[in-house]
1. Starting from segment 248-307, pick out the GluC sites (Glu not before Pro) whose DSSP state is loop and whose Cβ has at most 10 other Cβ atoms within 10 Å.
2. Quick check on packing: order 90-102, 615-627, 116-128 by the mean number of other C-beta atoms within 10 Å, highest mean leading.
3. Classify segment 296-422 as rounded, prolate or oblate, taking a ≥ b ≥ c as the square roots of the eigenvalues of its Cα gyration tensor: rounded when a/c is under 1.5, otherwise prolate if a/b is larger than b/c and oblate if not.
4. About the Cα centre of segment 151-256, how large is the charge dipole given +1 on each Lys and Arg Cβ and -1 on each Asp and Glu Cβ? Please answer in debye to the nearest 20.
5. So what's the net charge close to Asn746: Lys and Arg +1, Asp and Glu -1, counting the other residues with Cβ under 12 Å from its Cβ?
6. Sort segment 688-820 into rounded, prolate or oblate with this rule: let a ≥ b ≥ c be the square roots of the eigenvalues of the Cα gyration tensor; rounded if a/c is under 1.5, and if a/c is not under 1.5, prolate when a/b is larger than b/c, oblate otherwise.
7. Quick one: which of Lys718/Lys763; Lys498/Lys730; Lys115/Lys232 span more than 27 angstrom between C-alpha atoms?
8. Just add up the charged neighbours of Tyr210: K/R +1, D/E -1, any other residue whose Cβ is under 9 Å from the Cβ of Tyr210.
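No value in this document is a laboratory result; all are computed from the given coordinates. Because the structure is predicted, anything quoted here is derived from the model rather than measured. Neighbour counts are summed over all protein chains in view; Cβ atoms, including those assigned to glycine, are modelled from backbone coordinates with ideal geometry.
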Amino acid sequence: MKYFFGVKISIVFLFIFSNFLSAQSVKYTITGNQYYKKADSLSEKLKADNAVVYFKKALDIYKTTKSWEKVASCYNKIAINYRYTDNIDLDSSLLSAEKALKICESKFSDNHKEKANAINNIGWYHYEKGNYSEALLYFKKALRIRSQILKANHKDIADSYNCLGRTYSKTYELDLAINSYRKALKIAKHNKNEINDNIGIYYNNIFVIYWKKGDYSKATESLYKAIDFQKKVFHHNHLKNVFCYNNLGNLFMSKGNFNKGLESYKTALKIQLNLEKEEEKLTASLYNNIGNTYKILGKYDKALSYHKKALTIRRKIYGEQHNSTAMSFINLGNIFRIKENPEEALKYYHKAKEVFINTYNDKHPSLGRSYNNIAVVHFKNGDINKGIEYFNKSIEIYKNAYGELHPKISDIYANISECYLEKNIYDKSIFFSKKALNINFKILGESHPYNSEIYNNFATIAYRNKKYKEALEYCKKAINTNVIPLKKEKTTEFLDIKIALNSIQIKGKIHKALYKQKGEISNLQKAIKSYSEIDSLITYVRQTTQDYQDKLTFSKTVKEIYANAIETNYLLYQATKDPEALSRAFYYSEKSKANTLQELLQESNAKQFSDLPLETVEFEKNLKTDFAFYTSQIVKEQSNTNIDSTKLALFEDKIFRIRTQQDSLYTVLENTYPKYYRLKYNTTFLSVENVQKQLPDNTTLLEFFTTDSMAYIFTISKNAIDLTKIDTSKLQQDIEDFHKTIISRNVQSYKDLASQLYTALFKPIASKIKGNQLIVIPDGPIWHLNFDVLHTQKEVSNDPKHFPYLLRKHAISYANSANVLFAKDKNPTEVATLQECLAFSFTDSTQLETTNTLRLSDLRGAIEDLPGTRKEIKAIADIIDGKYYYGSQANEANFKENASQYSILHLALHGEVNNEHPENSKLYFTKSNDSLEDDQLYSHELFALTIPAELTVLSACNTGTGKIAKGEGIMSLGNAFQYAGTKSLLLSNWEISDQTTPELMKYFYANLKTGMNKAKALQQAKLKYLNTAHINYMHPFYWSGFYLVGNSDPITLSTNNTLYWIFGILTCCVILVLGVFLYRKRMNTIKVK
């Protein structure tokens, strides 16, 4: 009985224990399922890092309960999510997939869905690593298993076809890719009972393939189907729509409609930023796409700001060692390469290269892109061997990843061809162009847009080898593959405007060369037609470019185009004497000058006369002020020895946000206020006849257009125009030497060059000069030449007082362009009356005294010994009236507060010219501790100010010197005052003398007061100085440094006769009183008698 009792007890115990274990197992399973479900939800929301955590928790429980299918599933899900964690971990993804596969092979039959999933995940590992042939093997194996165990229309089979499509897309087997995507789409559509959001994804993928094939009609159809589907399933502000609008941007970009592309990217970005939780990875990608669009549009500073934003986000999410961060490095490198900063470009390219090697391996396709970029920089810097070395590395990697036929390999061959073309190594350029075209023909066809630039290379080589017929054929092909016909308008739109500019320019050069060869006028006319087409494209690009630096870059690009246009019209004039040819040549010369200044002045005019709301104008002004402030902060931070990267990033973010606000504001203004748009984009240029009408009888306008080897001189007087072509191959060096001889006061060298430059530049047109006043519109190095001190004949004497200066014959002023000089306000209006003169003089802050603001009249009669700048102000105080700031009051804040209220600004300050970055040139005011300003007025800050002065005198050293920007002119400190609205400037070409400047200024202002125009006043001031100066201060260095730019009209100055009237009245009163006194005294005397 005891035995049976023990058995019963054991059975009961086992029953209770088994029930306990079963209950625990159920409890574990429920907890595991909860973790699994939560992980799945997190994965759906793209929160991969958190999803991995919960899948691992579920995995531990499923291992305990030996739920092997769930264990395998967890490993597979972990493998998927490791591909999307903030720090992508492909090795951990592979390890998890292999563990899932091992469990499947030991626990299940040969064909199991988790085995297929594991194999598919291994395929994704190879895909991400760039091993596309391996990836295809695994994806196909997974598809075979799924096809055997699942229904034909199962979503996992659709997923397999999608994986194959993605891989075929990478290897550019585009027909196989589209076939795979269609199969995936067919399955997704078949499952009508399911809300399958993958339908939109598959349509998007099909769009990408048609886009790559260049079949934009079918690409558009697929994309809009994706968008229509997404609208039915999701609300507008849904993550899926971000991808659709992003692809729509890609489509517009492919069609060459860059502004529409930009608009789509920005729509995607707006949706993205309005999501309940912003996906920063996507935000960075959109910033990246917007940056690339701005790069294509030639707006490089904007592109730079967007790429920096993308990099900041990617560094925050991924850190430095991540492929997405590396892509940002490449994009930044591209911008710096275009901006001709090879050192900075190489720095970013090498950073990207190291990341790709560390993240993937030394065979990954992304590394091929880095090598390609590095090669281009070395090649363009003249290191051809280094360039070829990196090009070959890039080709080897791409061939290993994609095979022999792929657009990326074609791109490299095209890059090599272009590099050899720049070095005039034509045989190798042709060889690599042919290799590039051969690949494109086989995979894309002969008419694909990718071929346009290669055709341009062929055209250029044929042109240089004088095979003009062949060159024209290539031009035709380049243009035809780069256009989208617009049937309604019966016109065309170019996919890539820059390529189109090059194609049409080459065509123009070919027709010009054919004329020189055959003498047929028809060729010149065809060339002229080409340059007219180009001019329209240039105008479009300029109107769509807002950023100041980008405008300068584009002006430099088109200078060569205008040089060819002018030469073509010059040849036609020589052959036919057609005055229209001269007018067109002058038009192109004007189009090449001061475009940025003219556009800024037009924009200012548009804001003034288009009835904009005051709050809008104020808002725009505040944005400019903030932009200038943060730009200054960046400049200051970058000048520190130890740069605070956090602070720098903060300032750059502020700049980025201001630019975004400015873009939005300008879009609203242009769409809402048609008058503003019309005035801002007024493209009317003054004709020769218009210029002549505004020229006084005694004035001749000389306009120069220079190239590296020649110059064209337009001579325009009241009733005549002429165009002269001269050789200038040594001009830049001669002008630099001339400048040095004046500064060094080397009399003999100066005399030789003064007569030599006169003979080269002035003598050929001397007989065409009418009158005694000259307006010179310089170009290139001529901006650095003082015409005043050229010698009209050889001089034997060494006495500077008697040298035959050109100054003795002509009063000379300078202008940026005839259009800027003679442009009138488009809408007459009442202008506020300005006060007379605002003067500032610099004081060393270490020697400050307590000061008050003075009226200039208070300085009259002062007898104390004054510093040089104070002497200068006192000299003019005897002539004009106004307000004078010195000592601690001569600070930047007082200048900004008062600058818009005076007709004359006289700034006797210190200046610093930054030739590398002209926008960072600056004037120094007296350092003040009672202001938010730093008392350094940068050029870029002046862009935010309104200074409508008739005359600004910058009596500081080198205020009229600076870097020459092709197509714009000299980028001096004075140039920035013109941007702010000043009508004329008195600038210095070198260091000015404290001993002589006060005298010169006194004579200048005295002449102005008599009613002389500014050019005449300056001429006579210099001549009077020469006649009265001490022998030791007669050299041109002491008096010829100042020159006048802009409007030279007279200025009305008050006569300041008040004291004389008071003195006269007082004198009369005294005489009257004295007379009365004497009269009464006499009368009293008579009475006494």
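1. In loop regions of segment 248-307 (DSSP not H, G, I, E or B), the sparsely surrounded GluC sites (Glu not before Pro) are Glu276.
2. Result, highest mean first: 116-128, 90-102, 615-627.
3. In terms of gyration-tensor shape, oblate.
4. With only Lys, Arg, Asp and Glu charged at Cβ, the dipole is about 140 debye.
5. +1
6. prolate
7. Beyond 27 Å between Cα atoms: Lys498/Lys730; Lys115/Lys232.
8. Taking every Cβ under 9 Å from that of Tyr210, the sum is +1.
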